[in-house]
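Working notes, beginning with the structure itself.
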Amino acid sequence: MRALLARGVGAPLGVEEVELPAPGPGEVRVDIRAAGVCHSDLSMVNGTLAAPYPLALGHEAAGVVVEVGADVTRVAPGAHVVLNWAPPCRSCWFCGHGEPWLCARLGSPAAARGRTAAGEPLHVTLGLGALAEQVVVGEEAVIGVPTELPFEAAALLGCAVLTGVGAVRRTARVAPGESVAVIGLGGVGLSVVGAARAAGAGRVLAVDVSPAKAELALAVGATDFLVADDTISRAVRERTDGRGVDHAFECVGRGSTIRTAWRAARRGGQVTVVGMGAKDDVVPLSALEIFHSARTLRSSVYGSSDPDRDLPELAHAVLDGSLDLAPLITDRTTLDGAAAAFARMARGEGARTVVVPRDTA
Ligand SMILES: [Zn+2]
Ligand SMILES: [Zn+2]
């Protein structure tokens, strides 16, 4: 079967034939029907995150279970599923304390699985490698969804939407009437904008370096769009009676934009870091401003969500029309077009590209 592979930092991405093992005990094979191109994959291609190569990319996807190994109880062949890139162990301290997104067993960016056509050991992103025709994963990494849920919406639930909605509802707990700024309008940032609006936020200020994002931002519920520049914190304060916003969300994963989000929040406000950045990218904060601003700075890992509980809820919200994901999908392509989608994302264009690996439609 075919998969999108990275062969090193900065090396061109290519679709290659690979071989996956048959599902072992507790494992399932999933035929991928739709997969999103997410920024975290780019981080493993451009060197922001260290990763082993060759690496099959992709961690935001949905498909159909086509084969199950021994002792599988969660799903049967034919089940429609969303892949979960952070399946919690349910037995560590964090899982036992209601924080499965911080599970102690999670955290490695790639797992060894299968081989390339040349026989090299293959690695798969976040245990998945979902920009591929198929994946073989542990059954704990699949979550059943209703068969009437379109695959492309289902795919986005697995990363961008669970992360964005969770950051608003579970990490920051945005309340009706509060003001929000969202820095960085990729798939996750736009999902944060939509969720903030749905949570009843008053002003939702959407910020991006690209003026081309204005239309998308307003379509998902932003009240204002601002082009990010050196004066952006001042522009945010001007729109919030000089105070700054109650909640600033950083959806880029960079020290400089975390600093921007920090300065955009009001005294006593909350800064939620949703983007994943590099370990040597430092955020300068002075001791005086930390004390004087009384702001809270924290991160939102996978939307502080329990995917087994929260993802089916989001699936139903899509089906009943209360969660519209259509504006998030700006491009559709096949596996052969996925490398170009990474290039678009690196240039900051569009929101989500959905890849349909087997273009049989
Ligand atoms: Zn992702
Ligand atoms: Zn755990």
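The values are calculated or read from the model by the stated rules, or taken from the named source; none is laboratory data. From a predicted model like this one, the values you see are computed outputs, not experimental measurements. As a convention, Cβ positions derive from the backbone with ideal geometry for all residues, glycine included, and neighbour counts pool all protein chains shown. Just so you know, the surface numbers come from the protein's heavy atoms only, side chains and all, with ligands and any DNA or RNA stripped out. Shrake-Rupley method; radii C 1.70, N 1.55, O 1.52, S 1.80 Å.
Numbers for the structure displayed
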{"quantity": "Which numbered condition residue 130 misses (of (1) open to solvent by less than 20 Å² (accessible area, probe 1.4 Å); (2) under 22 Å from residue 276 (Cβ atoms); (3) within 16 Å of ligand 2 (Cβ to nearest atom))", "calculated": "(3)"}
{"quantity": "Selection status of residue 138, under 30 Å from residue 55 (Cα atoms) and within 16 Å of ligand 1 (Cβ to nearest atom)", "calculated": "no"}
{"quantity": "Top-ranked residue of segment 176-209 - restricted to ones that are within 16 Å of residue 235 (Cβ to Cβ) and either within 16 Å of ligand 2 (Cβ to nearest atom) or assigned to a loop (DSSP other than H, G, I, E, B) (or both), ranked as most open to solvent (accessible area, probe 1.4 Å)", "calculated": "209"}
{"quantity": "Breaking point among (1) of a type in the set (A, V, I, L, M, F, W, C); (2) open to solvent by less than 40 Å² (accessible area, probe 1.4 Å); (3) touching a Lys or Arg at 6+ places or on another chain (Cβ under 8 Å), for residue 216", "calculated": "(3)"}
{"quantity": "Residues within segment 145-154 that are under 19 Å from the mean Cα position of the chain (by Cα) and open to solvent by 30 Å² or more (accessible area, probe 1.4 Å), tallied", "calculated": "3"}
{"quantity": "Test result for residue 141, within 16 Å of the chain's Cα centre (by Cα), within 16 Å of ligand 2 (Cβ to nearest atom) and either of a type in the set (S, T, N, Q) or crowded, with 19+ Cβ neighbours inside 10 Å (or both)", "calculated": "yes"}
{"quantity": "Out of 99, 67, sole residue that is away from ligand 2 (no atom under 16 Å from the Cβ) and modelled with pLDDT of 95 or more", "calculated": "67"}
{"quantity": "Those strands (runs of 3 or more DSSP E) lying entirely in segment 251-361 with at least 1 residues touching a Gly at 6+ places or on another chain (Cβ under 7 Å) and surrounded by fewer than 22 Cβ atoms within 10 Å (Cβ to Cβ)", "calculated": "265-273, 329-334"}
{"quantity": "Segment 58-95 - residue that is outside any loop (DSSP other than H, G, I, E, B) and more than 26 Å from the chain's Cα centre (by Cα) and, of those, surrounded by the most Cβ atoms within 10 Å (Cβ to Cβ)", "calculated": "68"}
{"quantity": "Flag for residue 101 being open to solvent by 10 Å² or more (accessible area, probe 1.4 Å), within 15 Å of ligand 1 (Cβ to nearest atom), in contact with a Ser or Thr (Cβ under 7 Å, 6 or more places away or on another chain) and not aliphatic (A, V, I, L, M)", "calculated": "yes"}
{"quantity": "Unique residue being in contact with a Pro (Cβ under 7 Å, 6 or more places away or on another chain), farther than 26 Å from residue 144 by Cβ and crowded, with 18+ Cβ neighbours inside 10 Å when the list is 112, 51", "calculated": "51"}
{"quantity": "Sole exception among (1) over 20 Å from residue 106 (Cα atoms); (2) away from ligand 1 (no atom under 16 Å from the Cβ) for residue 45, by number", "calculated": "(2)"}
{"quantity": "Positions within segment 155-170 being crowded, with 24+ Cβ neighbours inside 10 Å and under 15 Å from residue 196 (Cβ atoms), in sequence order", "calculated": "160, 161, 163, 164, 165, 166, 167, 168"}
{"quantity": "Check on residue 110, within 16 Å of ligand 1 (Cβ to nearest atom), modelled with pLDDT under 95, under 22 Å from the mean Cα position of the chain (by Cα) and farther than 25 Å from residue 154 by Cβ", "calculated": "no"}
{"quantity": "Residue count, segment 26-41 (criterion: touching a Leu at 6+ places or on another chain (Cβ under 9 Å), open to solvent by 10 Å² or more (accessible area, probe 1.4 Å) and within 16 Å of ligand 1 (Cβ to nearest atom))", "calculated": "1"}
{"quantity": "Leading residue by the ranking (modelled with the lowest pLDDT) among those in segment 326-361 that are in contact with a Pro (Cβ under 9 Å, 6 or more places away or on another chain) and not β-branched (Val, Ile, Thr)", "calculated": "351"}
